[in-house]
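Colleague: Mind having a look at this structure? Questions to follow.
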Amino acid sequence: MTSSRTRRRRREASLGYLMLLPALVIFAVFIFYPFLRNFQLGFYLNPPFPNLPKRWVGFDQYRDILGSDSFISSLKTTVAFAFMTVPAGIGLGLALAVTANRRLRGIGVYRTIFSSTVATSVAVAAVIFSMLFNPIVGLLPWLGISPTPPIIENPNLALAAVALVTVWQTLGLTFILLSAGLQAIPEDLYEAAQVDGAGPNTRFWRITIPMLSPTLFFAVVIGSIHAFQSFGQIDIITSGGPFKRTNVLTYSIYGELNGTNGPPNPGKAAVLAIALFAITLGLTAVQMRVLERRVHYAR
Amino acid sequence: MRADSKSGRRLRTFGSYAILTVLAFIVLFPIYITVVNSLLRPVDIASRPPVFFPLHPKWSSYVDAWNGGHMSKYLVNSFIVTIAITVGQVVTAILAGYAFAFLEFPFKRSLFVVFLATLMVPFEVTVVTNLDTVRTLGWFNTYQGLAVPFLATGFGAFLVRQAFLQVPRDLSDAAALDGYGHWRFMTRVAVPIARPAVAALTVFGFLGAWNQFLWPLLATKDDKLRTVQIGLKTLRQTSLNDVNVTFAGAVIAVIPIAILLLAFQKHLVRGLTAGAVKG
Amino acid sequence: MSSSRFVRLVALAGVVVFALGACSGSSGSGGKASDGASSGSGGSNLCPVSALAKASGPVTITFWHGLNRANEETLQKLVDQFNGQQTKVKVNLVNQTGYEEILRKWVAGLGTNELPDLAQMEDTATQQMIDTQSIVPVADCIKADHYDTSDFVGRVLERYNVDGKLYPMPFNVSNPVLYYDKNAYRAAGLDPEKPPTTLAEVKTDAAKIKALGYQTGFGLKLNPWYLEQWASKADHLFVDHENGRKGRATKVLFDDEAGQATFAWMKDMVDSGLARTNPDSGPNAFDNLLGIRSKVQGMTIDSSASLGTVSQVLASGEGGGVELGVGPMPGPTGAGGVLVGGGALYMSKTSTPEKIAATWEFVKFLVSAQTQATFAAGTGYVPIRKSSVNEKVLADLYASTPGYKVAYDQLLSGKDDVATAGPVIGNYAGVRDVVRDAETKMLAENGDPKAAIKAAAIAATAAIQDYNTRIGK
């Protein structure tokens, strides 16, 4: 009796492990192992070519890289980029979602248009906008937006230009997300407020925003993490330039790995990757704590 | 009084349409001008004032992008890799989700935490070694090199597990009584009930795989394996003298995914909101 | 999620992974040891030229190239011709979309031995390719095959000669030339047959063109290559140890009066609105020629390699009232001359003897006087052999379109010495990156030219030394 139950339990357990196995193998080989190997790589000074010997330098490399001006400026760029994209993206997405959240004939068409940028990829958006920014064939210079140096080569504008592309490209996604959140707010809440004589402003700040706060919270977290991992648009539009002004962390990892500014340096790339991980982790934790509290307050 | 409020409402409706139309115009404009520019000669694209409607559309740019620009090949590659990744993600997610939802085994909670921990490691953090791994396996510049690292996600397993947990206990008990094995129960009962979640995961996984940029850039070396996103970058780097071809390439890259999204809009919304609802 | 739970989660993940990692192991265990014989030491000859005769069937070789689409067509025709005219060697041409990409992929291939038999790389790759210890110096083939190079343009061979040894075979040579709109010159009352030759003349001409209502006079591509070119024209060294040709370069020397003068000139041109800049590399690296065609500017300096593409466009009737003129690269006056730019061909040491011999056969075909003439005529590149200009296809072109000959002529003018042979630098890309950034920064942020070039020199030397440390030198 007990032995048959044990056997069944054992069989169930092995079935469970078997079902987890494919995913675990992928995770082990392509997530956890490379994650941990970063730490090891960071201890070695890597030769530019894989057929030459590498040299143990211990924590020196960590110290040199994480303390270098180029790392600090890359970090600042990344943070600035997040501040440019996340609030603007969510603000615009919310504006579109609120505008489209009414019962009108043909509103479906507008909703489809507002979500249309989901069909574009980062690469598509980057290619389109980089052409529009181009001083020779682009439209923006014709509209009188023609700074010297041109937008993409302009140290003060390049990052903002990449941010604009990012906001546009993610607009569809943000719109869909926030629209779904809006539609989940019960109609009678608004009706009750209207009876109480609340104007549209009051209704927005007292009902919409608080009721939407879990969705907004989610959008902020996801948006920030995405901002810190932005790569394609930088690669296509600026390649980290002009003079490294758009060299966000992810791009600097790529640069070291790919040998964009000299022979590849996997050791340096690994140290930068660890920094990116630490920042993403810290960011998530901070946002979880701060925003979660505020969300609860609002309720 | 009544007439007043009626005309007021009408005015407000008109205003709503006006605002909506202006916003729609702004959102769509980059796409519109891309289509226009793809049909112009480069010299006309550079002309001032710009041409906003192609009176003499030049379709040859699409032929150039399709053949000379290798967009046809890039599209095929993207579809192969994306479908492989999507199928892989769905299958591994169903298996893992099932184990977490219906089976009992030691270290189950810890293993679930391991699955969630994968969400904390951005892919960018792992590229250094993954590139080495793929090279060592001989997978550099191959379809498996592009697809295998993404065949499982913690998010997918989580999503499907949550859906499986909604399956009424009575059903699984009844299935056990009827002598259903786990395999039959999973395919006949659990998965059909969790279909919305699976569909959402499919659309979400597809979109994510299709839009990948960093990895295909690193892990391929030639046109034979390049995906659409990387192909576009290559097209973009051609001379300004071929700028219309670049625009045509962008349009070609958008079309298939636009069609798919129009067809599966609902599932995309569900996939996106799945995370938000759980908080 | 509380933070303590979060930490626990990550810690747990770590433990599991260590266990799993132990099983998956091995895939990251460093690089393979290099196979002893250093190709630089001159001892044994690495080029078995007679091995092809012993091969039983046709030998297939892979050739990576980085030419653009227009020039690729010409190369493909030549490859087809070679494949058709003999049966022993079959060449498989692979487009790698650019020189940088080829170097990157060669380096990546070192770990896995996935190297092509032949690869075309930029002139800047020489030192790195030597350092990879993965190439057959063509000097070995030349010696083993008693191949005669006396017909080659001297400066072209010197470009790729390090410590007395020719490493790659030069193939496609280009150098910067001045492109200008003759119609704009006429309208401005300038002689369309007398383009500027000095930087000061560029400025006066640019002012007259701008006065016609052009947005700007001169399209200034921020190409660090030009700084090297201008140093060479002034007959100055760019790096130490005889431009890196007698021992490894350890520091840059460009922060001298010639370098300072060119930085100051660039700043002056931009400040006075007579030049507009565009980047030379990365995603916004477009040639300035569309700018001339659309009358944004009247002239620019760009590689002679663009000439083939430009001519095709102009021939298609999209010239828009522009008559394109080509002149020698303006620059500082001095005894030097322009540097050799473009690409050269590297043979892989890891190929089988038959493949190395087959590759050498193909290389000889590519640098024959006839092939070079056809290639030059089709692309606008400069032939590397003096007798090529007597071949009908090229002689006809030079007679009908003298613009094509400018780059060739300027390669023969001036002194041939270590200064005009150009620098050999391990971290060439790093040095160029620093120079490019310094120029861009100076112009964008109104910096002082002297301070800018000084900072560039310090950073460039650091980049060189960083590379040298990593290589263990």
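Derivation of every value follows stated rules applied to the coordinates shown; laboratory data play no part. The structure displayed is predicted, hence computed values, not measured ones. Glycine also receives a Cβ, built like all others from the backbone with ideal geometry; neighbour counts cover every protein chain displayed.
Colleague: For chain C, count the residues as N, evaluate 2.2 N^0.38 Å, and divide the Cα radius of gyration by that value, please.
Modeller: Dividing the Cα Rg of chain C by 2.2 N^0.38 Å gives 1.07.
Colleague: Do any trypsin sites (Lys or Arg not before Pro) in the range C:191-275 lie in a DSSP loop with no more than 16 other beta carbon atoms within 10 Å, and if so, which?
Modeller: Listed in order of number, the matching sites are C:LYS246, C:LYS251.
Colleague: How many percent of the alpha carbon pairs in the range A:183-254 exceed a separation of 21 Å?
Modeller: Distances greater than 21 Å cover 53 percent of the Cα pairs.
Colleague: Over all distinct alpha-carbon pairs, what is the Kirkwood Rh of the range C:347-407 in angstrom?
Modeller: For the range C:347-407, the Kirkwood estimate is 12.6 Å.
Colleague: In whole Å, largest first, what are the principal axis extents of the Cα atoms in the range C:230-306?
Modeller: 47, 28, 21
Colleague: Next question. Over the alpha carbons of the range A:1-111, what is the largest minus smallest coordinate on each principal axis, giving the biggest first in Å?
Modeller: The principal-axis extents, from largest down, are 66, 63, 25 Å.
Colleague: List the extent of the Cα atoms of the range B:179-251 along each of their three principal axes, largest first, rounded to whole Å.
Modeller: 69, 24, 17
Colleague: Have a look at C:TYR167, C:THR216, A:PRO150 and report the one farthest towards the positive end of the charge dipole of the protein assembly as shown, computed about the Cα centre with Cβ charges (Lys/Arg +1, Asp/Glu -1).
Modeller: Positive-most Cα among the choices belongs to A:PRO150.
Colleague: Equivalent ellipsoid semi-axes for the range A:74-192, as square roots of 5 times the alpha carbon gyration tensor eigenvalues: give them largest first, rounded to whole Å.
Modeller: After scaling each eigenvalue by five and taking roots: 33, 17, 12 Å.
Colleague: Here's something else I'd like to know. Let's test this: bin the Cα-Cα distances of the range C:405-473 at 10 Å from zero up to the farthest pair and state each bin's percent.
Modeller: Spelled out bin by bin, the range C:405-473 gives 19, 32, 30, 19, 1 percent.
Colleague: Under unit Cβ charges (Lys, Arg +1; Asp, Glu -1), what dipole magnitude, rounded to 20 debye, does the protein assembly as shown have relative to its Cα centre?
Modeller: Charge dipole of the protein assembly as shown: 4280 debye, to the nearest 20.
Colleague: Test of understanding: express the Cα radius of gyration of the range B:162-205 as a ratio to 2.2 N^0.38 Å, with N the residue count.
Modeller: 1.23
Colleague: While we're looking at this one, here's another question. According to the Cα gyration tensor, what semi-axes, each the square root of 5 times an eigenvalue, does the equivalent ellipsoid of the protein assembly as shown have, listed from largest to smallest in whole Å?
Modeller: That gives 53, 37, 26 Å for the three semi-axes.
Colleague: With the dipole of the range C:350-473 worked out from charges on the C-beta (+1 for Lys and Arg, -1 for Asp and Glu) around the Cα centre, which of C:PRO423, C:VAL382, C:MET442 lies farthest toward the positive end?
Modeller: Result: C:PRO423.
Colleague: Diagonalise the Cα gyration tensor of the range A:209-299 and give the resulting equivalent ellipsoid semi-axes, square root of 5 times each eigenvalue, largest first, whole Å.
Modeller: Semi-axes from the Cα gyration tensor: 34, 15, 8 Å.
Colleague: Something else now. Volume per residue, Å³, of the convex hull around the alpha-carbon atoms of the range B:149-279?
Modeller: Residue-normalised Cα hull volume stands at 144 Å³.
Colleague: If you place +1 on the Cβ of every Lys and Arg and -1 on the Cβ of every Asp and Glu, how big does the dipole about the Cα centre of the range B:37-114 come out, in debye to the nearest 20?
Modeller: Roughly 120 debye for the range B:37-114.
Colleague: Run down the lysines and flag those whose C-alpha is under 18 Å from the C-alpha of C:LYS246, throwing out any fewer than 8 positions away in its chain.
Modeller: Candidates past the 8-residue exclusion: C:LYS165, C:LYS473.
Colleague: May I pose another question? Once the mean 1/r over all distinct Cα pairs of the range C:337-441 is inverted, what Kirkwood radius in angstroms do you read off?
Modeller: Computed over Cα pairs of the range C:337-441, the Kirkwood hydrodynamic radius comes out at 16.4 Å.
Colleague: Can you give the percent of C-alpha pairs in chain B whose distance is more than 36 Å?
Modeller: Pairs farther apart than 36 Å: 36 percent.
Colleague: Let me know the shape class of chain A, please: from the alpha-carbon gyration tensor, a ≥ b ≥ c as square roots of the eigenvalues, rounded when a/c is under 1.5, otherwise prolate if a/b is greater than b/c, or oblate.
Modeller: oblate
Colleague: Share of Cα-Cα pairs in the range A:130-271 beyond 21 Å, in percent?
Modeller: 60
Colleague: Follow-up. Counting Lys and Arg as +1 and Asp and Glu as -1, what is the net charge of the other residues whose Cβ lies under 14 Å from the Cβ of B:PHE100?
Modeller: With Lys, Arg at +1 and Asp, Glu at -1, the neighbours total +1.
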